[in-house]
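Student: Submitted below is the structure of interest, expressed as structure tokens.
All of the numbers you see were taken from the coordinates with simple rules; none came from a lab. These numbers were taken from a predicted model, which means no experiment stands behind them. Reconstructed Cβ throughout: ideal geometry from the backbone, glycine too, with neighbour counts over all protein chains shown.
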Amino acid sequence: MLCDVCKKNEATIHIKEVHNGKVVASNLCGECAREKEAKGEFGTLGFNLAEVLFNLGKLSASMGQADSQQEETRGEELPACPVCGWTVGKVRESGGRLGCPECYRTFEPMISEALGRFQRGTIHLGKRPKSAGQGCASTLRFELERRRRELEELIRREEYEEAAVCRDRINQLKKELEKCDHPAPPAAEPEKETGDGSAD
Amino acid sequence: MDPQIERLLGNPVSFLADSGPDEDIAISSRIRLARNLAGRPFPSAASDEALCEVCGLVSDAASASGALGCPECFAFEPETLTPLEREILFERRLASRDFLARNGGTRLLVSNDESCSIMINEEDQLRIQALRPGFQLEAVWEEIDKLDDELGSRLDYAFDERLGFLTSCPTNVGTGMRASVMLHLPGLVLSGRIGPTIQGVNKLNLAVRGIFGEGTDNRGNLFQVSNQSTLGESEMQILERLSNVIGQLIAYEKNAREQLIAQDQFSILDHVGRSYGLLRHAYKLSSEEALNSLSGVRIGVDLGMFNSIDIKKVNELFIAINPAHLQLSAGRELSAAERNVCRAALCREKLKQA
Ligand SMILES: [Zn+2]
Ligand SMILES: [Zn+2]
């Protein structure tokens, strides 16, 4: 299905709205949805960021039917967050807000799909908080990303010798990162850094 | 009047009153960081007690680290202010309307020169902001990075190795950073090139919006350009990408102005002259008229047409003509018609002194 707005891209965001008892469907591509969001048009159209972000259908209370049965939305089968009790319904009501840091794990499938549409990447390459210490994975990932860009640039400039050095470093970084993400089976030290100091 | 608000009103708005690089076209540069504390619910899911605790923890961290000059900084409890006083905080770009509308459990810390602030319990527990005049995202980044480190060494931020800083809405996750530059683009508007330019910028995953009014309304020809994506790039990469585009927009704007002058200089002169005449001699000015006329006078100042008008005076009027500022300086609530009269009087007065 093509996007209602540009009629070029594949529509990946489907929104259903109920207006005076009539269901109005909109189908948008990520780019057009983003543009509408930036212009604040979703507010006036009655869209809500949650529906756009997470591809959730919307059911108007005026229909007077039980929400849970009528809604055919993905994410519906996800359980409530064990820490804060937030549910998919709450995510929708609050305009796409989550309840607590743990919600990122609870609603992971829904969130990772949304991130792919709205963010330029799926891995954090920015700064780390002082309190988190110097985890190895993040530092390595950061350099890896930087080296990849550098490599592209070197190839564009046809500086092949430099590019070869850069590529070696990239391969080395990948190996080190592998070790970080999947620490070697328990051998000597039991308190090995896991590289996944998730906040909880 | 709240004594802190009174003190605030005596301040020159530093991001408008000081000089900055490229200030003829770029009015101000702003960065905000979204942060939350590990293991605590985000504000929309938090109980009153939980909100209160976070207010305490963040205020203590700010005082202990001396961030924002705390404890000798401004500390507002929005729910104790009148609606008009809250609106002042919004008009000075210190707080969002959503934040100010919340029912308790919030606190706003502001440095004495208003260049940095922390909204506690907005959409995220911390929204740290730094603001400077002109186009200087790098300097703003250095400032806010340091502020964030000072707070971060005393607070346990919610952080995930893969997703970065965890935020209430996934549109902010990762760096939690939104950087923006406010641009005055009358040349692109007058030459009819603003539409395609905005579309081009949107394609680069950056957002453009008018500062005043809603949606496509661009009163005062002021636009804010900001990053959309917060994940997958480092802060420096995001800032570099944004800065490149801002640099191009400034060049396009200069070019558009030169072309307008080359093609038909009397149209520009007329536009500037009428704008000045309106501000200098009108007895009733709507907000829209005032903003558009200020934009016109600003072009004149940039083109060197007025050697007696200080650009900072014009900049400050962009804030002073807003409804809450007018009403508080009048010392009472004003109807829309009364505001128009006060607004015109203020503009006549300020530009006379110039
Ligand atoms: Zn489209
Ligand atoms: Zn949760």
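Student: Using a simple spin-label model with points 7 Å from Cα along the Cα→Cβ vector, what separation in nm is obtained for residue B:82 and residue A:168?
Tutor: In this crude spin-label approximation the distance works out to 7.3 nm.
Student: State the Kirkwood hydrodynamic radius of chain B in Å, one decimal place, computed from all pairs of distinct Cα atoms.
Tutor: Every distinct Cα pair counted, the radius reaches 21.3 Å.
Student: Here's a follow-up. Please report, in Å, the Rg and the Dmax of segment B:39-171, where both are computed over Cα atoms only.
Tutor: For segment B:39-171, the Cα radius of gyration and maximum Cα-Cα distance read 14.5, 43 Å.
Student: Mind jotting down the distance between the C-alpha centroids of segment B:44-77 and segment B:302-339, whole Å?
Tutor: So the two Cα centres are separated by 33 Å.
Student: Which order, highest average first, do B:58-67, B:254-263, B:113-122, A:118-127 follow once you tally other Cβ atoms within 10 Å for each residue and take the mean per peptide? Spell out each step's value before the answer.
Tutor: Numbers: B:58-67: 18.7, B:254-263: 14.8, B:113-122: 22.8, A:118-127: 20.2.
Result, highest mean first: B:113-122, A:118-127, B:58-67, B:254-263.
Student: Order the peptides B:330-342, B:222-234 from the highest to the lowest mean number of other Cβ atoms within 10 Å of their residues.
Tutor: Output ranking for B:330-342, B:222-234: B:222-234, B:330-342.
Student: While we're looking at this one, here's another question. Peptide B:170-181: average number of partner chain Cβ atoms within 10 Å per residue?
Tutor: 4
Student: What is the mean number of Cβ atoms from other protein chains located within 10 Å of the Cβ atom of each residue in peptide B:225-232, rounded to a whole number?
Tutor: 5
Student: Taking N as the number of residues in segment B:5-109, what is its alpha-carbon radius of gyration divided by 2.2 N^0.38 Å?
Tutor: 1.21
Student: Would you kindly work out the equivalent ellipsoid of segment B:265-353 from its C-alpha gyration tensor and give its semi-axes, the square roots of five times the eigenvalues, largest first in whole Å?
Tutor: 24, 13, 10
Student: Using the 10 angstrom Cβ neighbour count as an exposure proxy, how do B:141, A:86 rank, fewest first? Display every interim value, and only then the final one.
Tutor: On the way: B:141 20, A:86 24.
Placing the least packed residue first, the sequence is B:141, A:86.
Student: What number comes out for the charge environment of residue B:226, summing +1 per Lys or Arg and -1 per Asp or Glu over other residues with Cβ under 9 Å away?
Tutor: +3
Student: Among A:127/A:174; B:284/B:352; A:179/B:203, which pairs are too far apart, with a Cα-Cα distance over 28 Å? The partial results should precede the final answer.
Tutor: Numbers: A:127/A:174 20 Å; B:284/B:352 16 Å; A:179/B:203 38 Å.
In this structure, A:179/B:203 lie more than 28 Å apart at Cα.
Student: Separate question: Compute the FRET efficiency between residue B:329 and residue B:72 as 1/(1 + (r/R0)^6), taking r as their Cβ-Cβ distance and R0 = 25 Å, and round to the nearest 0.05.
Tutor: Computed FRET efficiency for residue B:329 and residue B:72 comes out at 0.45.
Student: According to the square roots a ≥ b ≥ c of the eigenvalues of the Cα gyration tensor, what is the shape class of segment B:110-266, taking rounded for a/c under 1.5, prolate for a/b larger than b/c otherwise, and oblate for the remainder?
Tutor: The shape class here is prolate.
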